[in-house]
Amino acid sequence: MDSWVIEIARGDLNDAKIVEAGPPTPGEGQLLVAIDEYAMTANNITYGVFGEPAGLFGPDEDGGGQGYWDFFSERGEPGRLPIWGFATVVESRADGIAAGERFYGYYPMASHAVLTASNIRETGFVDVTPRRTTLPPIYNNYQKLDRIVDYRSEHHDYWPVFRPLFLTGWLIADQYADEGDYGAEQIVIASASSKTAIGLAFAHRQRGEERPRSIGLTSPSHVESLAATGIYHTVIAYEDIGSLDASKPTGYVDMAGNGAVTAAVHRHFGDNLRNSMIVGKSHWDSPRVEAGLPGAPPTGFFAPARSEKRLADWGPAEFGQRVASAWLGFMEVAPGIAAIDRRSGPEAALAAYREMLSGKADPKSGIVVAP
């Protein structure tokens, strides 16, 4: 195929298909990019689940809600799943950007995309396609590959697999530290083998011994290998939640949105659960979180909002320096946590999406798709 996109029914994540078309034509101020490679992770499923919920990104100009479908598809059209990856400019009608330049950023699950470039600088640009301008700016910023300070060629495949998820985990760890860990002596992290959870646990570990114990919850088949990484203090299976010390003040971070696990944690710790943070919804078909659970009420974590707060607190230069330092430290251990699983072509792209949607993808692999 010369050009293709995977379209997903807005009301049914299982209804996905490859649509073939000629490469789109860029207009004035726009770029046509060929997507070189991207990662397929559980985070992408969360994007699909929150494709168009009311109020996730605040109201739109018509007073309705905005969601992840608004990045790459118009209202009333099938959804186009956002992914993180690298792309090469094929045709440029934007002054200051040339064909052949490569950028890391947010793209649709497709072979090509058209972006509207503004705020063009040596390090990158911002997409100002009208439907995107009211969405979080962290998603609209594109970084020129050869100008990314902490990019290393040997880490190339790990950028799309881990970078956005590591940043989310790092921001969660930062919020816990900033809030005095909510008074918790231990932090229970569900879906502990997910890449976001691993990023959180790694960033938390960097605080040294003066920190709450980290307890990873995962499937029985993953306990041994996850414990061997040394990132968590303790790793246990979901069915062993009852073995945890319920007398200790505890924080809880749920990466998957599994209502049954969250309910079990709340009921076990009761009033000693000092914080309950819901981060994702990769377990999209699991029960919803119940209302009225004992302990701290579950609250959502939204990485773009936390990122914007720290940018305001520290300024872009210090924020970037802190992220870069943490990322390069993480890259020393990432290859031992996940092996890269490379796939190519539209059929492989669709199969990778369906595999991740099914919940059967191997967390010890990082799927990288070359369209």
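Among the candidates R131, R152, the residue that is touching a residue at least 24 places away in the same chain (Cβ under 8 Å), over 17 Å from R322 (Cα atoms) and more than 13 Å from the chain's Cα centre (by Cα) is uniquely R131. When we screen L226, L171 for residues that are under 22 Å from I340 (Cβ atoms), in a helix (DSSP H, G or I) and not assigned by TED's automatic domain parsing to the domain that holds A42, the only hit is L226. Inspection of segment 53-62 finds no residue satisfying the criterion of being surrounded by fewer than 17 Cβ atoms within 10 Å (Cβ to Cβ), of a type in the set (G, A, S) and at pLDDT 95 or above. The number of residues in segment 334-349 being under 19 Å from the mean Cα position of the chain (by Cα) and either more than 30 Å from V19 (Cβ to Cβ) or in a helix (DSSP H, G or I) (or both) comes to 6. Filtering segment 292-306 to residues that are closer than 18 Å to N43 by Cα and touching a helix residue (DSSP H, G or I) at 6+ places or on another chain (Cβ under 9 Å) leaves F301, A303, P304, R306. Test I241 against the stated conditions and say whether it is outside the structural domain of Y47 (by TED's automatic domain parsing), surrounded by 15 or more Cβ atoms within 10 Å (Cβ to Cβ) and in contact with a Phe, Trp or Tyr (Cβ under 8 Å, 6 or more places away or on another chain). It is false that I241 is outside the structural domain of Y47 (by TED's automatic domain parsing), surrounded by 15 or more Cβ atoms within 10 Å (Cβ to Cβ) and in contact with a Phe, Trp or Tyr (Cβ under 8 Å, 6 or more places away or on another chain). Of all the criteria given as (1) at pLDDT 95 or above; (2) assigned to a strand (DSSP E or B), the one not satisfied by W327 is (2). Does segment 293-302 contain any residue that is in contact with a His (Cβ under 6 Å, 6 or more places away or on another chain), within 26 Å of S219 (Cα to Cα) and modelled with pLDDT of 95 or more? Looking for residues that are in contact with a His (Cβ under 6 Å, 6 or more places away or on another chain), within 26 Å of S219 (Cα to Cα) and modelled with pLDDT of 95 or more, one finds none in segment 293-302, hence no.
Pull up segment 198-243, narrow it to residues that are among the small types (G, A, S) and in contact with a Leu (Cβ under 9 Å, 6 or more places away or on another chain), then point me to the one that is farthest from I367 (Cα to Cα). By that ranking, first place goes to S214. Does G48 satisfy the criteria of being surrounded by fewer than 16 Cβ atoms within 10 Å (Cβ to Cβ), in the same structural domain as H112 (by TED's automatic domain parsing) and in contact (Cβ under 8 Å) with a residue 24 or more places away in the chain? So G48 does not fit the description; no. Of all residues in segment 112-168, those being within 30 Å of A339 (Cβ to Cβ) and not polar (S, T, N, Q) number 29. Among the conditions (1) over 21 Å from the mean Cα position of the chain (by Cα); (2) of a type outside the set (D, E); (3) over 27 Å from S225 (Cβ atoms), the only one that R80 does not satisfy is (1). Set side by side, the residues G48, G100, G65 differ, and just one is at positive phi and not aliphatic (A, V, I, L, M), which is G100. Against the test of being exposed (fewer than 13 other Cβ atoms within 10 Å of the Cβ) and either at pLDDT below 95 or among the β-branched types (V, I, T) (or both), the options G336, G315, G359 yield a single qualifying residue, G336.
Filtering segment 85-101 to residues that are out of contact with any Asp or Glu (no Cβ under 7 Å at 6 or more places or on another chain) and under 24 Å from D2 (Cβ atoms) leaves V90, E91, S92, A94, I97, A98, G100, E101.
Selection of segment 77-129 for residues being β-branched (V, I, T) and within 25 Å of V19 (Cβ to Cβ) yields I83, T88, V89, V90, V114, T116, T129. Here I231 passes the criteria (1) more than 20 Å from the chain's Cα centre (by Cα); (2) surrounded by 17 or more Cβ atoms within 10 Å (Cβ to Cβ) except the one numbered (1).
The values are calculated or read from the model by the stated rules, or taken from the named source; none is laboratory data. Predicted, not measured: the structure shown is a model, and the values here were computed from it. All Cβ positions, even for glycine, are placed from backbone atoms using ideal geometry, and neighbour counts span all protein chains on display.
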